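The values are calculated or read from the model by the stated rules, or taken from the named source; none is laboratory data. Please read all numbers here as calculations on a predicted model, not as lab measurements. All Cβ positions, even for glycine, are placed from backbone atoms using ideal geometry, and neighbour counts span all protein chains on display.
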Amino acid sequence: MTRSMWIAIFICAALGLTYFAMRKDHVRVGVRALILPQININSIDKIEIDGTEKVRLLKEINGWQVYLGGVNNKKVLASAEYVSALFQAAPQIQSDYFATERFDKQAEFQVSDETATKIILYSGDKPVWSLLIGEEAQGGGRYVRVPASLPIFVARGNFGDLTRSIIDEWRNRIILPVIKEKFAKLIIKKAGLEKSITTEAVPLHPLTEMLANLRAMHFVESAAEKSLAQQDLQKPSFEIIIYDKNNSFYELVVASHPRHQKHWVCLRGGNQIYQISPYAFERLKKSVAAVYDASK
């Protein structure tokens with residue numbers, strides 16, 4: 001073999017070794033990587049997220065609760081979907097590469113204690129998992145740092161499920177506390193008249209799907225807004241009573257304020273008033289009208 005061929009073979013071999021050495025799944029002694037503890041989801045009973053707002057979630061017998069803050073700092077039911085998404089996202093974070101350990105870069109990459117979105121998972125009063133999440137890195141991923149440490153890494157994962165830091169976003173928006181598979185009977189009240197949707201018709205009726213998917217667009221909290229909504233709900237557009245298979249029932253009261261273009265719903269006997277979207281209101285209204293038209 002000629003000298004040039006030997007040189008070519010040597011270069012190819014060197015490039016091959018370099019490739020395998022640079023692979024992300026190749027274990028290299030002394031190379032820094034982000035190491036996060038494993039999470040036992042069943043043992044987590046408190047979540048803190050500090051970002052735009054300070055979100056506090058607490059696990060209770062009836063589900064996860066979120067603190068609303070303010071003077072009373074009352075707790076309300078949290079979104080089970082979002083809590084589940086956070087628990088799925090946390091263990092799936094993967095280290096991409098080590099960026100730096102320079103202290104002055106923490107503020108620039110928004111992973112300092114003051115600028116980062118900070119997530120802490122607790123078991124009892126003990127923090128068992130925590131991470132500071134910063135800005136997006138060039139080429140994808142986010143800058144991250146473990147609290148009380150200097151190294152900054154770029155990592156990849158579903159950070160959107162970890163960095164929800166607006167309290168209102170964490171509130172449970174499902175209005176009816178019963179799933180559609182347990183609907184047994186629907187009774188509609190409108191203008192002093194009652195119409196029933198029979199047990200056989202409930203599973204396939206369009207109104208069943210609408211009620212099961214009804215979500216709050218806004219939670220009525222202020223005194224002024226409550227007063228306005230309560231006045232409208234005293235003269236509802238219609239009411240729907242939902243019976244489940246255990247013969248428990250939930251009475252949904254629906255009202256509208258055309259001048260303010262607001263639409264309210266509440267469960268009779270409950271404390272919370274919800275605002276629903278104009279689209280959701282119109283769909284409910286048309287479906288209720290169709291039930292009355294069909295019985296003429």
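Let's see how each residue does on (1) in the same structural domain as VAL66 (by TED's automatic domain parsing); (2) more than 30 Å from PHE249 (Cβ to Cβ); (3) crowded, with 19+ Cβ neighbours inside 10 Å; (4) in contact (Cβ under 8 Å) with a residue 60 or more places away in the chain:
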{"residue": "LYS118", "(1), (2), (3), (4)": "yes, yes, yes, yes"}
{"residue": "GLU136", "(1), (2), (3), (4)": "yes, yes, no, no"}
{"residue": "GLY139", "(1), (2), (3), (4)": "yes, yes, no, no"}
{"residue": "SER149", "(1), (2), (3), (4)": "yes, yes, no, no"}
{"residue": "LYS185", "(1), (2), (3), (4)": "no, no, no, no"}
{"residue": "GLY192", "(1), (2), (3), (4)": "no, no, no, no"}
| Which one is farthest from ALA89 (Cα to Cα) among residues in region 44-70 that are small (Gly, Ala, Ser) and surrounded by 13 or more Cβ atoms within 10 Å (Cβ to Cβ)? | GLY69
| query | Which one of these is among the polar types (S, T, N, Q), within 30 Å of LYS74 (Cβ to Cβ) and in contact with a Phe, Trp or Tyr (Cβ under 9 Å, 6 or more places away or on another chain): SER165, SER237? | reply | SER237
| query | For region 126-146, how many residues meet the condition of being within 16 Å of ALA107 (Cβ to Cβ) and not charged (D, E, K, R)? | reply | 6
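Residues checked against (1) in contact (Cβ under 8 Å) with a residue 12 or more places away in the chain; (2) more than 12 Å from ALA184 (Cα to Cα); (3) surrounded by 13 or more Cβ atoms within 10 Å (Cβ to Cβ):
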| residue | (1), (2), (3) |
| --- | --- |
| ALA201 | no, no, yes |
| THR208 | yes, no, yes |
| SER227 | no, yes, no |
| PHE238 | yes, yes, yes |
| ARG259 | no, yes, no |
| LYS262 | yes, yes, yes |
| said: For region 144-192: of the residues being among the acidic types (Asp, Glu) and within 19 Å of the chain's Cα centre (by Cα), which is nearest to SER84 (Cα to Cα)? | reply: ASP161
